[in-house]
Amino acid sequence: MDGGSPAILPATLTRAPGSAPRPAPELSVVVPTYNERANVPILAERLAHALAGCDWEVLFVDDNSPDGTAAVARAIGATDSRVRCMRRIGRRGLAGACLEGMLASQARYVAVMDADLQHDEKLLVAMLNRLRSGDCDLAVASRYLGGGSAEGLSKQRARASRFANMLVRRLLGIDLSDPMSGHFMIRRDAFEPLAPAISSQGFKILLDILATKPGSLRVVELPSSFHQRRHGESKLDSKVALDFAALLTAKLTNDAVSARFLLFCLVGLSGLAVHLLALSVATQLAALAFGAAQTLATVTAITWNFVLNNMFTYRDQRLTGWRFVTGLIRFQVICAIGAVSNVGIATWVYDYDSKWWLAGLAGALIGTVWNFVVSAAFVWRQR
């Protein structure tokens with residue numbers, strides 16, 4: 001030995017005398033949480049009753065909830081080793097939380113369900129039995145299969161859910177009654193090969209799993225009742241529609257266009273409208289010279305794009321406080337360089353082939369790709 005770091009010994013040599021190794025549980029239930037303090041103890045107790053006789057654990061993956069959800073989960077876990085908590089700092093998003101929780105499991109089977117008590121925990125045993133039988137890789141709780149119910153959805157959410165399911169079936173060819181379900185169980189060895197292609201963005205990881213390699217999984221649906229929320233507030237908002245459109249586009253293009261890039265482009269289009277509006281106000285109302293007005297409009301549009309990208313495109317890596325300020329400065333510089341490259345490429349293409357629309361499109365595309373790639377590396381990936 002050289003007196004440096006101690007050698008890493010096999011577990012059989014480092015265990016205390018007389019202690020026996022404890023195998024991983026058969027089932028891990030992954031529950032993403034954000035401000036679900038009141039629901040965590042209730043769900044943990046319900047799981048204990050529903051899974052009595054099973055070898056299981058529940059992993060609450062918390063996005064640093066300000067209401068202390070993680071502390072509640074850890075307090076329960078201090079006296080019950082079946083309850084674990086993973087607290088994520090600086091990362092947000094339902095799909096990302098599910099993905100990290102599933103990859104943290106060593107169980108043979110992994111289930112995903114919400115913390116809001118709307119999913120039926122009693123269905124977990126039926127799902128587990130179907131997977132144990134070996135006739136399927138994935139069991140999905142369906143609100144729309146015969147015997148199921150979506151009573152916990154408002155009329156507006158029910159219409160949106162059915163419309164989204166219809167789009168998924170028609171556009172992606174996923175022949176399930178409820179491909180947008182948030183309650184499912186999968187064999188971990190079937191999920192592991194798909195994991196690198198799963199997006200951490202969005203809110204429906206099941207849809208991503210089903211669309212990543214269509215037909216690669218044997219799927220069974222089980223009827224399920226979707227209950228009313230008892231505590232807390234729904235996390236569904238206008239961002240969900242953007243996430244859904246982005247994920248659908250990504251899968252329709254076989255992931256050639258990433259969901260994050262699509263959101264980045266949509267934000268950029270809104271920035272164009274802001275630029276024109278700011279330019280109009282500066283020249284018509286403020287009577288500024290065109291050069292000054294154009295500069296002001298450009299800075300305004302870039303700031304707008306940064307704020308929206310921080311809210312939507314990169315909300316799982318959202319910048320706050322001083323990092324928001326430094327991120328804005330970096331984004332302004334990156335977009336300024338992108339504008340120069342935009343003009344340079346467009347001019348080069350126009351000199352080669354004098355089609356103005358082709359030159360303009362080429363410049364805009366290069367500028368957008370530059371802004372996306374470089375800002376991803378130097379603005380939202382700071383650690």
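Computed from the coordinates by the stated procedures, all read-outs in this text should not be read as laboratory data. Small disclaimer: the values here were computed from a predicted structure and weren't measured. Cβ sites come from the backbone with ideal geometry, for glycine too, and all protein chains shown count toward neighbours.
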Calculated from DSSP helices alone, with each H run of at least 4 adding -39500 (n - 2.57) and the total divided by the residues of the chain, [θ]222 nm to the nearest 500 comes to -16000 deg cm²/dmol
Gained length - residue 177 relative to residue 145, 0.36 nm times residue gap less alpha-carbon distance: 10.9 nm
Within the chain, percent of DSSP bridges classed antiparallel, to nearest 5: 25 percent
R0 = 30 Å: FRET efficiency of residue 170 with residue 368, Cβ-based, nearest 0.05? 0.55
What number, in percent, do you get for the relative contact order of the chain if the mean sequence gap of Cα pairs under 8 Å and at least 6 apart is divided by its residue count? 14 percent
Name the most mobile residue of 191, 306, 324, meaning the one with the largest mean-square fluctuation, in a Gaussian network model of the chain with Cα contacts below 10 Å. 324
Measure nothing but the geometry: give the 0 to 90° angle between the long axis through the Cα atoms of 321-352 and the longest principal axis through the Cα atoms of the chain, rounded to 10°. 50 degrees
Of the peptides 112-119, 36-43, how do they stack up when ordered by the mean number of other Cβ atoms within 10 Å, highest first? 112-119, 36-43
Which residue fluctuates most in the GNM of the chain (Cα springs below 10 Å): 223, 21, 179? 21
Which residue, 307, 261, 352, has the largest displacement toward the positive end of the dipole of the stretch 259-378 when charges sit on each Cβ (Lys, Arg +1; Asp, Glu -1)? 307
Please give the FRET efficiency for residue 45 paired with residue 154, using the beta carbon to beta carbon distance and R0 = 30 Å, rounded to the nearest 0.05. 0.65
Among all lysine pairs in the chain that are eight or more places apart or on different chains, how many have alpha carbons less than 27 angstrom apart? 14
Note the full-extension length gain between residue 218 and residue 253 as 0.36 nm times their separation in residues minus their Cα-Cα distance, in nm to one decimal. 10.3 nm
Rounded to the nearest 0.05, what FRET efficiency do residue 197 and residue 347 have when you use their Cβ-Cβ distance and R0 = 51 Å? 0.85
One point scatterer per Cα, no solvent, Debye formula: log10 I(q)/I(0) for the stretch 30-126 at q = 0.18, 0.22 Å⁻¹ comes out as -0.76, -1.18
